[in-house]
Amino acid sequence: MADISQQLQEQVLQARAGGEKLNIVGGNTKAFIGREPSAEAGTLNVGEHTGIVDYHPVELVMTVRAGTPLADIEAVLAEQGQALHFEPPHFGPESTIGGTLACNLSGPARPWTGSVRDQVLGIRLINGKGEHLRFGGEVMKNVAGYDVSRLQAGALGTLGLITEISLKVMPSPAASMTLVQEMGIDEVLHYMNSRSAEPKPITAACWVDGKVYLRLSGAKTAVEATAEKWSGEVVEAGADFWRSVQDMQHDFFTRSDEALWRFSVNSTAVNPAIEGDWFIDWAGSQRWFRGASQLSDMEPLARAAGGQVSLFRGGDRSGEVMHGQPDALKAIQQRVKNSFDPDGIFNPGRLYSWL
Amino acid sequence: MTTKPTISKAELAEKLRGFVDANFVITDDETMKPYECDGMSMYCEMPLLVVLPETVTQVQRIMRICHQHGVPVVARGAGTGLSAGAMPNKEGVVLSLAKFNRILNIDPLARTASLQPGVRNLAISEEAAQYGLYYGPDPSSQIACTIGGNVAENSGGVHCLKYGLTVHNLLSVEIVTAEGDVVTVGSDGLDSCGMDLLALLTGSEGLLGVVTEVKVKLLPKPEVAQVVMAGFDSVQMAGDAVGGIISHGIIPGGLEMMDGYAIVAADDFAGAGYPREAKALLLCEVDGTEEEVHEHIAEAEEVFRKLGATSVRTSQSEEERALLWLGRKSAFPAVGRISPDYYCMDGTIPRRHIAYVLSEMDKMSEVFGLRVANVFHAGDGNLHPLILFDANVPGEFERTEAFGAAILKMCVDVGGCITGEHGVGVEKIRQMAIQFNDEELQQFHDVKAAFDPTGILNPGKAVPALKFCQEYRSLEYKQHKHEHTEAAQHG
């Protein structure tokens, strides 16, 4: 529980004065994400900047320092019957909220309850000029100024150091139930999307190893009544199953060392015609593929499915790992980067080689 | 930022008529008159000219010409905005997207709708209804306001606590940049690679690009919705009851509060059967499956009774639900009937401060000599004080503005913000200096420059020039001291 923001700010100012670069590190559990960290850059460690700054359960808002471990946040929320509804993956006990936002990582409930980006209300950020700035706030509706807070989601720390985050939190559902049944990959996309179009309390839908899993959460009566109407066997250890999906500890993610690709696509798109191991999550919106390939070969497949692809884990991380940007957007992002970090101090080349 | 345009009105009109139907390049004052303001009609300006393109290519060509000649461009949807965000620039073009009014596609299985920016908000849900779907955000202007404007303002509505704002319900937007490029931001997937430009564009008030296509998410229409109405003897008790509902783990579809003034005005107007003697009224709507609504409605009634509600009534039919909402939805026109003019504010506060904020507002009401009625999106803390005034009384609007500014300052002081959903526009531009310091405002200007290097898109809106902020802050300080002295004298 320490506020080391001043120290962090000084370190940024020093780096700026000395023409140095900085790799941002929190719990260091997500070093595998993005391109290889720059070898020349020093380390800016936000992992000691921890603690809950403000939490009023009735407001459904928590403000927390960026280095705070997810586990600590969730423990405090659980005491009040609340939770982070975006179900952030824990890649270890040290995984922090700051890294979760920078990488925009959300778990199985994301299509129904929103992503970490959706739940962010405000941030404090040290930009490349060493200014400690505040954007957004602690209220759910706030349209004053550009949404710089959500801009950080997926920027992999390239715009500055996030030091503090205000998040919307929600009550934990009273009841949950998971249903499973066997289904082929050809049928399952239609099935998961049809179920999602029903006004029922569905909060997760994935397909792996020839089986489709649906989770219902909410009022007990509603969950039970829906489970009775829908087909599928009740999974006794449903919570454990979803935990393994959330933390990417499910057998699919651990049984091979092959490169892991993430497709973020139209939920109804026909699955790309490449042979390999697939895990379909988010009712079809997020699809994981394991296998050796090139980004340039994967991008057309993702585009055909209405979305994008990235090399999430493993493979060659010296080249680009994120879906390419059209020239006009590339130019805008370079200028946005420059507006926050004119000397290119933060996480050089981590998101794209040109950023 | 902007310099004088390097082209005359006649030359510009001639160029635009080269590729836009000449009838829709408007240059005469009479035809341009309706464009002089948006829903915030106290702020008016006549533009240089108005153009209504029909294709994205035309929009691109307009932007290229304006960019080349340094002509300001103010994009406009239905003109229902409440912060003068679409007020014209006198040296610039009003770019109306009114002709882009087609629903391009609804995909019932993927639950998405592709829209031109001029499609009305309500038209999306009307069209999607045949598939059992609807579009979540429902600003009170939804019958008229357009989705392009909703993106520009990040519009909300009464269901934000549960269903989010516009930013939560978008998949992608196509924009034409200040330089005339067409880019799509976002995709059919839920997350995209790179920094989240979609979030940045949403709510950017037309300063970063012109929206030419929007893809939104649709939601399954809930099986049932029921509303519980509860009257209370004090705002404090109603505020506690809101907390009680949330603490109980219920997330209502809508949760609205009205104060005594608003209750009577709305009841007179709509005949909704509100408890007229109550000092505060809550409308709590629960939606979902039949079982869930049944369970939560019973719990909500119990919470309200336990926390001192003087009356509790639950809608037993769709008609009754509509009637109870009618009062709330017509609160603005209802208040309009009891006063020649009203000025709607839009601050957001942490809910726990509602009683304090409303009682302070009562005190200010006496100091400024102006009545104020309050409707409040209690679920998400968004406050809509309606200051009643008469524009024909000299000086009264100026007093109203000062009262409004004091309210917004109080919202920031208790940890809230100056605008929850109406935007900054021209109207609240001075108050930006209360919520943000110069470094933060400069960062906004730098972000703007990344999209619009020459500053032609909606100049002078949303983010104040820094030199004005210094002046405003010192003025505020003086005024604040003055008010305190006055209040002390009254006391």
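The values are calculated or read from the model by the stated rules, or taken from the named source; none is laboratory data. Quantities reported herein were computed from a predicted structural model and do not represent experimental measurements. Every residue, glycine among them, receives a Cβ derived from its backbone with ideal geometry; neighbour counts consider all protein chains shown.
Across the range B:266-295, the qualifying residues are those that are within 14 Å of another protein chain (Cβ to nearest Cβ) and of a type in the set (A, V, I, L, M, F, W, C), and the one among them that is farthest from B:V235 (Cα to Cα) is B:V293. Among the residues of the range B:62-92, the ones that are surrounded by fewer than 23 Cβ atoms within 10 Å (Cβ to Cβ) and in a helix (DSSP H, G or I) come to 5 in all. Residues that are assigned to a loop (DSSP other than H, G, I, E, B), more than 7 Å from chain B (Cβ to nearest Cβ) and on the phi < 0 side of the Ramachandran plot were ranked within the range A:110-155; the one that is surrounded by the fewest Cβ atoms within 10 Å (Cβ to Cβ) is A:K129.
Within the option set B:N169, B:N150, being touching a Ser or Thr at 6+ places or on another chain (Cβ under 7 Å) and either of a type outside the set (S, T, Y) or in contact (Cβ under 8 Å) with a residue 40 or more places away in the chain (or both) holds for one residue only, B:N150. I'm checking my understanding of the structure. Among residues of the range A:314-355 that are surrounded by fewer than 21 Cβ atoms within 10 Å (Cβ to Cβ), of a type in the set (K, R) and under 21 Å from A:I33 (Cβ atoms), which one is nearest to the other protein chains (Cβ to nearest Cβ)? If we take residues in the range A:314-355 being surrounded by fewer than 21 Cβ atoms within 10 Å (Cβ to Cβ), of a type in the set (K, R) and under 21 Å from A:I33 (Cβ atoms), then A:K330 is nearest to the other protein chains (Cβ to nearest Cβ).
Taken together, the residues in the range B:394-422 that are among the acidic types (D, E) and in contact (Cβ under 8 Å) with a residue 60 or more places away in the chain amount to 1. Looking across the range B:303-346, the residues that are modelled with pLDDT of 95 or more and within 14 Å of chain A (Cβ to nearest Cβ) come down to B:V303, B:L307. One residue is enough: does the range A:89-97 have a residue meeting the conditions in a helix (DSSP H, G or I) and under 25 Å from B:T348 (Cβ atoms)? Yes, the range A:89-97 contains at least one residue that is in a helix (DSSP H, G or I) and under 25 Å from B:T348 (Cβ atoms).
Scanning the range B:245-258 for residues that are touching an Asp or Glu at 6+ places or on another chain (Cβ under 6 Å), under 21 Å from A:P171 (Cα atoms) and assigned to a strand (DSSP E or B) turns up at least one hit. Residue check: B:T57 meets all listed conditions (1) over 15 Å from B:G206 (Cα atoms); (2) within 25 Å of the chain's Cα centre (by Cα) but one, namely (2).
Only one of the listed residues (A:P199, A:P171) is within 14 Å of chain B (Cβ to nearest Cβ) and free of Cβ contacts under 8 Å to residues at least 24 places away in the same chain. That residue is A:P199. Each residue in the range B:426-475 was checked for being at positive phi and more than 10 Å from chain A (Cβ to nearest Cβ), and 3 pass.
Quick check on A:N266: is it over 20 Å from A:F32 (Cα atoms), in a loop (DSSP other than H, G, I, E, B) and in contact with a helix residue (DSSP H, G or I) (Cβ under 9 Å, 6 or more places away or on another chain)?
Yes, satisfied.
The residues of the range B:198-213 that are within 7 Å of chain A (Cβ to nearest Cβ) and either closer than 17 Å to A:K337 by Cα or among the hydrophobic types (A, V, I, L, M, F, W, C) (or both), listed by number, are B:A199, B:L200. Would you mind stating whether B:A391 is touching a strand residue (DSSP E or B) at 6+ places or on another chain (Cβ under 7 Å), assigned to a loop (DSSP other than H, G, I, E, B), in contact (Cβ under 8 Å) with a residue 12 or more places away in the chain and more than 10 Å from chain A (Cβ to nearest Cβ)? Spelling it out, B:A391 is indeed touching a strand residue (DSSP E or B) at 6+ places or on another chain (Cβ under 7 Å), assigned to a loop (DSSP other than H, G, I, E, B), in contact (Cβ under 8 Å) with a residue 12 or more places away in the chain and more than 10 Å from chain A (Cβ to nearest Cβ). If you filter the range B:158-181 down to residues that are within 8 Å of chain A (Cβ to nearest Cβ) and over 27 Å from B:P108 (Cα atoms), you find that the one that is surrounded by the fewest Cβ atoms within 10 Å (Cβ to Cβ) is B:D181.
Of the candidates A:A225, A:A304, the single residue that is free of Cβ contacts under 8 Å to residues at least 12 places away in the same chain and hydrophobic (A, V, I, L, M, F, W, C) is A:A225. The residues of the range A:213-259 that are surrounded by fewer than 19 Cβ atoms within 10 Å (Cβ to Cβ), among the β-branched types (V, I, T) and farther than 17 Å from A:M192 by Cβ, listed by number, are A:T221, A:V234, A:T254. Comparison of B:R337, B:R352, B:R321 shows that the only residue that is surrounded by fewer than 20 Cβ atoms within 10 Å (Cβ to Cβ) and over 28 Å from B:V293 (Cα atoms) is B:R337. Of the residues that sit in the range A:52-87 and are within 12 Å of chain B (Cβ to nearest Cβ) and of a type in the set (D, E), which one is surrounded by the fewest Cβ atoms within 10 Å (Cβ to Cβ)? Only one residue fits best here, namely A:D54. Before we move on, is B:V242 touching a residue at least 12 places away in the same chain (Cβ under 8 Å) and more than 9 Å from chain A (Cβ to nearest Cβ)? No, not satisfied. Residues in the range A:45-65 that are among the aliphatic types (A, V, I, L, M) and over 21 Å from the mean Cα position of the chain (by Cα) were compared, and the one that is nearest to A:A83 (Cα to Cα) is A:V58. Selection of the range A:268-312 for residues being at the interface with chain B (Cβ under 9 Å from one of its Cβ atoms), in contact with a Leu (Cβ under 6 Å, 6 or more places away or on another chain) and within 25 Å of A:Y352 (Cα to Cα) yields only A:S285. Checked against the criterion of being at the interface with another protein chain (Cβ under 8 Å from one of its Cβ atoms), crowded, with 24+ Cβ neighbours inside 10 Å, touching a residue at least 24 places away in the same chain (Cβ under 8 Å) and under 26 Å from A:M322 (Cβ atoms), the candidates A:T158, A:T100 yield just one match: A:T158. Residue check, A:F241 against (1) more than 20 Å from the chain's Cα centre (by Cα); (2) part of a helix (DSSP H, G or I); (3) more than 8 Å from every other protein chain (Cβ to nearest Cβ), all met but one. Which one? The single condition A:F241 does not satisfy is (1). Could you tell me whether B:A298 is within 14 Å of another protein chain (Cβ to nearest Cβ), of a type outside the set (D, E, K, R), assigned to a helix (DSSP H, G or I) and surrounded by fewer than 23 Cβ atoms within 10 Å (Cβ to Cβ)? Yes, satisfied. Just so you know, in the range A:1-32 the residues that are within 14 Å of A:T96 (Cα to Cα) and among the aliphatic types (A, V, I, L, M) include one that is surrounded by the fewest Cβ atoms within 10 Å (Cβ to Cβ), and it is A:M1. Any residue at all in the range B:356-379 that is part of a loop (DSSP other than H, G, I, E, B) and under 17 Å from B:Q236 (Cβ atoms)? For the range B:356-379, residues part of a loop (DSSP other than H, G, I, E, B) and under 17 Å from B:Q236 (Cβ atoms): present.
Scoring B:E421 on the criteria (1) assigned to a loop (DSSP other than H, G, I, E, B); (2) farther than 28 Å from A:L121 by Cβ; (3) modelled with pLDDT under 95; (4) not basic (K, R) leaves a single failure, condition (2).
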